[in-house]
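The values are calculated or read from the model by the stated rules, or taken from the named source; none is laboratory data. Every value quoted in this text rests on a predicted model; they were computed, and no experiment measured them. Because the Cβ atoms are built from the backbone with ideal geometry, glycine has one as well, and the counts that use them run over all protein chains shown. Keep in mind that these areas ignore ligands, DNA and RNA; they rest on the heavy atoms of the full protein, side chains included. Shrake-Rupley method; radii C 1.70, N 1.55, O 1.52, S 1.80 Å.
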Amino acid sequence: MLSEILGRGERIVFFGGAGVSTESGIPDFRSGDGLYSRSGDTRYTPEEVLSHSFFVRHTAEFYAYYRSHLLHPHARPNPAHLALARLEEQGRLTAVITQNIDGLHQAAGSRTVLELHGSVHRNSCLRCGAPAGLDAILATDGVPTCACGGVIKPDVVLYEEPLDAAVMEAAIEHLARADTLVVGGTSLVVYPAAGLVHYFGGHELVLINAEPTALDHLATLVVHAPIGETLGAAVP
Ligand code: NAD
């Protein structure tokens, strides 16, 4: 039972992806109604548009896609985000490691959040380095620019870009020390993030995902159900 495993855990780590935020109304990539299967510009896949070279060559098209598909300023944390914040508050969860860029774990109250792929809430000027918040992006149309005239880029890890080494190291340390790992809402196909799971040094591996994943066979407990409902019910 999930509630018993979480009740026993003293150093729980959560590793999650886009499926954690679908119950907040943010589409993932690979579900039936995810961004991959949405109608629109079919010339490019989301991976192409969200790549470094596309950003450099087609900045306006990048921003058109980014604004309409990845910015969800009105989304609120769902029971999964809130349950993980409660576990940390209870002193049993040491870190949330997320592939998400939406900031909803922090909005729910989680403090130790390792954002492997960055955040839409942080942006900076490519010319002078000045930081800009999400508000600065939302207040403009098209390609946002800095007072110095430089293009502003989201602090989001695009395909072809490396992950932040310090964030990766911190994630590995938390995983190596954890006694319980809960993996949820991720298809576990985006590397190198998905490979982090192999650094887990404990014994209780729980997988909560709407669909089967390649790691189901390694788990102590596999739950194929919505993660908000599942975690919300398991964490008092
Ligand atoms: P993915 O789309 O590849 O996989 C999501 C997985 O979650 C799927 O296996 C799906 O079955 C499952 N899922 C969807 N809703 C669920 C729910 N309510 N309960 C349980 N499982 C559910 O996402 P990924 O593995 O995170 O990789 C995609 C990449 O795109 C990542 O880098 C991710 O951060 C990024 N992305 C982020 C956001 C966001 O910040 N919210 C949204 C879309 C994509």
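Calculate how steeply helix 165-177 sits against the longest principal axis of the alpha-carbon atoms of the chain, using the helix alpha-carbon long axis, and give the answer as 0 to 90 degrees to the nearest 10.
10 degrees
May I ask for the angle, rounded to the nearest 10°, between helix 79-89 and the longest principal axis of the chain, with both axes built from Cα atoms and the value confined to 0 to 90°?
In the chain, helix 79-89 runs at an angle near 70 degrees to the longest axis.
Using a 1.4 Å probe over the heavy atoms of the protein chains, calculate the carbon and sulfur portion of the accessible area of the chain as a whole percent.
That share works out to 55 percent.
For the chain, what does -39500 (n - 2.57) per DSSP helix run (n ≥ 4), summed and divided by total residues, give at 222 nm, in deg cm²/dmol to the nearest 500?
-8000 deg cm²/dmol
Determine the dipole magnitude for the range 125-236: charges of +1 sit on the beta-carbon of Lys and Arg, -1 on that of Asp and Glu, nothing else is charged, the reference point is the Cα centre, and the result goes in debye to the nearest 20.
180 debye
Ranked highest first by average number of other Cβ atoms within 10 Å, how do 185-193, 113-121, 142-150 line up?
Result, highest mean Cβ count within 10 Å first: 113-121, 185-193, 142-150.
I need the phi-derived Karplus couplings for the range 128-143: 6.51 cos²θ - 1.76 cosθ + 1.60, θ = phi - 60°, integer Hz, Gly and Pro marked x.
Karplus values, whole Hz, x for Gly and Pro: 10, x, 4, x, 9, x, 4, 4, 5, 6, 5, 7, 10, 10, x, 8.
Looking at the square roots a ≥ b ≥ c of the eigenvalues of the Cα gyration tensor of the chain, which shape do they give, rounded for a/c under 1.5, prolate if a/b is larger than b/c, or oblate?
Verdict is prolate for the chain.
Which Cα, out of 87, 55, 180, lies furthest along the positive dipole direction of the chain (beta carbon charges, K/R +1, D/E -1)?
Result: 55, furthest along the dipole toward the positive end.
Give the long-range amide H neighbours of residue 184: residues separated by 5 or more places, or on another chain, with amide H under 5 Å away, using H modelled in the peptide plane at 1.01 Å from N.
15, 16, 17, 208
How much net charge surrounds residue 193 when only the other residues with a Cβ under 13 Å from the Cβ of residue 193 are counted, with Lys and Arg +1 and Asp and Glu -1?
That sum, taken over residues with Cβ under 13 Å, equals -3.
Compute the long axis of helix 59-69 from its Cα atoms, compare it with the longest principal axis of the Cα atoms of the chain, and write down the angle in degrees, 0 to 90, nearest 10.
Helix 59-69 sits at roughly 40 degrees to that axis.
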